[in-house]
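Some notes on the structure that comes next.
The values are calculated or read from the model by the stated rules, or taken from the named source; none is laboratory data. Everything quoted here is computed from the prediction, not taken from an experiment. All Cβ positions, glycine included, derive from the backbone under ideal geometry; neighbour counts span all protein chains shown.
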Amino acid sequence: MVMHFAACFSLLLHLAASAAPNLQHAFANPDNSSSTIYSIPTIRESATQARRVLNLSNIATLSTVFPSSSPSSLENRPDNLGGSAAGLMDYYASCGSQPYNPTILAISIATSFKNARAGSNVTLSLRYHPPSDHPPADDVYTYSPANLPRFSLIGHIEALSPSEIETDNVHKCFLRAHPDAEAWTPGNQIHASSWTKLVVEEVYWIGGFGDRAYIGWIPVDVWRGVTEHQVRNARLVGEDGWEGKAQPLEEL
């Protein structure tokens, strides 16, 4: 009986050890791919996963930098914030013929967009949230936030042209993701606003632990080159039974 218990305990320790991440590669890929028991996704596969996250979500952190110039008398902020970053929650949607450049409803009075108008680059940071009804995992790492995808889209804010707004049906697309945003769409009586897009210039991706996921930069041409068909057919951990939550563009 004792020997049987010892053998089972030894097996459990072995399974736990094999499932645990190599802490040396928690935030970086191994130099030699043969040093891991996992198959690390390619850059293009990682780009497809990132685009999947972009489609599944619609809220992210928008980060900008305060300008070095002194604030106007109408703006109540400290004088010494020049060069400091501010990351704030914002809405976005994947719309139109360039779903890789997220559509953003820019509120003129909001800090992020004042900083952008002053010349700040913009970073949109996202992370994957598994569905609440995801299948159970055999270990504590599968759904660990540290082992789930997150990434940053770095670029600049650009106004959408009237033809883009009409052709891509931006108003309907955005409100489908954010019905409450109707109150501050362009022409509202509360705040001046405009339809814009984040023109993505760089993509930094952390797919999970480095011994099983790609960590690093994704070339922007690869980011843009992923098709919506590939995005719709991609699946992330825990997505079993989660069909239909990405919105195909042709249905908008």
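Please work out which one of (1) assigned to a strand (DSSP E or B); (2) within 19 Å of the chain's Cα centre (by Cα) is the condition Phe174 fails and give its number. The failed condition is (1).
In segment 157-169, the residue that is surrounded by the most Cβ atoms within 10 Å (Cβ to Cβ) out of those that are over 13 Å from Ala106 (Cα atoms) and in contact (Cβ under 8 Å) with a residue 40 or more places away in the chain is Asp168. The listed residues are Leu74, Leu81, Leu88, and the only one of them that is of a type in the set (A, V, I, L, M) and at pLDDT 95 or above turns out to be Leu88.
Here is a yes/no grid of residues against (1) of a type in the set (Phe, Trp, Tyr); (2) surrounded by 14 or more Cβ atoms within 10 Å (Cβ to Cβ); (3) at negative phi:
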residue: Gly119; (1), (2), (3): no, no, no
residue: Leu124; (1), (2), (3): no, yes, yes
residue: Ser132; (1), (2), (3): no, no, yes
residue: Leu148; (1), (2), (3): no, yes, yes
residue: Phe174; (1), (2), (3): yes, yes, yes
residue: His178; (1), (2), (3): no, yes, yes
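For segment 155-171, a residue qualifies if it is small (Gly, Ala, Ser) and outside any helix (DSSP H, G or I), and the qualifying residues are Gly155, Ala159, Ser161. Of the residues in segment 190-198, at least one is in a loop (DSSP other than H, G, I, E, B) and touching a Phe, Trp or Tyr at 6+ places or on another chain (Cβ under 6 Å). Put simply, of Asp139, Asp79 the only residue that is surrounded by fewer than 18 Cβ atoms within 10 Å (Cβ to Cβ) and touching a residue at least 60 places away in the same chain (Cβ under 8 Å) is Asp139.
Of the residues making up segment 187-197, just one is surrounded by 15 or more Cβ atoms within 10 Å (Cβ to Cβ) and either more than 29 Å from Asp221 (Cβ to Cβ) or touching a Gly at 6+ places or on another chain (Cβ under 6 Å) (or both), namely Ser193. Determine whether segment 61-74 contains at least one residue that is touching a Leu at 6+ places or on another chain (Cβ under 6 Å) and within 13 Å of Leu126 (Cβ to Cβ). Yes, segment 61-74 has at least one match.
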